[in-house]
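Structure first, commentary second.
The values are calculated or read from the model by the stated rules, or taken from the named source; none is laboratory data. Values in this document were obtained by computation on a predicted structure and should not be read as measured data. Reconstructed Cβ throughout: ideal geometry from the backbone, glycine too, with neighbour counts over all protein chains shown.
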Amino acid sequence: MEIFRDTPGLRSYLKSVRKRNLKLGLVPTMGALHTGHIALIDSSLKDCDLTVCSIFVNPLQFNNPEDYAKYPKALETDLKMLEQSGCHVVFVPEVQDLYSDSRVVNFKFGYLETTMEGEFRPGHFNGVGLIVLKLFNIVQPDNAYFGKKDLQQYVIIQKMTDELSLDINIIGVDTVRDENGLALSSRNQRLSDAEKNEALIFYRSLCRAKDRLLNDVSVKEIKSEISEVFRKPGNTKLEYLEIVHSDTLRPVKNKFEKTNVSICIAGYVGKVRLIDNISII
Ligand code: AMP
């Protein structure tokens, strides 16, 4: 496995790779890897000749300084996991390699960036868009892999790729969960066992909401039921539960619209913010 710590090194390596006409897959991550990330790597390994995984905790996408400061870091373990997975190349740049102090370019994604996560994390998707486009330009992959756990991110990246006519296939990978249904997340490392147990409220709420929707209960009623669940005493807080069309993220208004719909949830367990979603295909 090749490890590159700056852009020029990776660029010159990939130049020689491209001459060999290899199909290139990119998996952008922020490290503290788990089996969910490895599912993305596995998909890329299956489809492509050469897989590049980037590990970069992108300061621009954090609107909460404490969240950035406390974001888990585990480079040594990450590299071991990637080596074991069969990943070919790892890119671990420094902040000053990717960003200058005099940045002027910003992204606006309209409705897609103001709904759901956007409401609670202003500027987040601008940071995501910038880092992902930078990685696309540096690596120039054929395919790029994103988890559907971050549905809004996946939809925004697809839209950006399409509108900017980038020649990259965006591949969405299903959410990997633990045996209880908790969506794997690097942030779970900040939860105690008791908190992990409490965090199940998110997945259970999603399943309950899906069940209600399939039984023709109105969106309004479902939302108020789930809010009620979170009102019980405990360490958890609901930020939002939204039922949206999976491609446009526009809210579902009619309870009989049940195809290509996603139920998205976000909130806190203690000080740790978690998001999750499930889809009805
Ligand atoms: P992160 O390191 O959290 O920025 O995630 C890097 C990529 O892994 C993103 O595309 C995420 O959507 C994806 N990812 C994170 N958790 C999971 C999971 N549990 N299952 C599948 N993909 C995931």
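What the table below lists for this structure:
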{"quantity": "Among (1) more than 16 Å from the ligand (Cβ to nearest atom); (2) assigned to a strand (DSSP E or B); (3) not basic (Lys, Arg) - the single one Phe146 does not satisfy", "calculated": "(1)"}
{"quantity": "Residue that is modelled with the lowest pLDDT [pool: residues in region 232-278 that are charged (D, E, K, R) and in a loop (DSSP other than H, G, I, E, B)]", "calculated": "Lys255"}
{"quantity": "Within region 38-93, considering residues that are polar (S, T, N, Q), farther than 25 Å from Gly123 by Cα and within 12 Å of the ligand (Cβ to nearest atom), the one surrounded by the most Cβ atoms within 10 Å (Cβ to Cβ)", "calculated": "Ser44"}
{"quantity": "Residue tally, condition touching a residue at least 60 places away in the same chain (Cβ under 8 Å) and within 16 Å of the ligand (Cβ to nearest atom), over region 1-36", "calculated": "11"}
{"quantity": "Residue count, region 116-134 (criterion: assigned to a helix (DSSP H, G or I) and either surrounded by fewer than 15 Cβ atoms within 10 Å (Cβ to Cβ) or not charged (D, E, K, R) (or both))", "calculated": "13"}
{"quantity": "Region 176-190 - residue that is aliphatic (A, V, I, L, M) and within 7 Å of the ligand (Cβ to nearest atom) and, of those, surrounded by the fewest Cβ atoms within 10 Å (Cβ to Cβ)", "calculated": "Val176"}
{"quantity": "Pairs where the first residue, in region 156-175, is away from the ligand (no atom under 14 Å from the Cβ) and modelled with pLDDT under 95 and the second is not in a loop (DSSP other than H, G, I, E, B) and not hydrophobic (A, V, I, L, M, F, W, C), C-beta under 8 Å, 6+ apart", "calculated": "none"}
{"quantity": "Top-ranked residue in region 201-214 [being among the hydrophobic types (A, V, I, L, M, F, W, C) and more than 18 Å from Lys271 (Cβ to Cβ); ranked as surrounded by the fewest Cβ atoms within 10 Å (Cβ to Cβ)]", "calculated": "Leu214"}
{"quantity": "Test for Glu195: is it touching a Phe, Trp or Tyr at 6+ places or on another chain (Cβ under 6 Å) and under 17 Å from Ile275 (Cβ atoms)", "calculated": "no"}
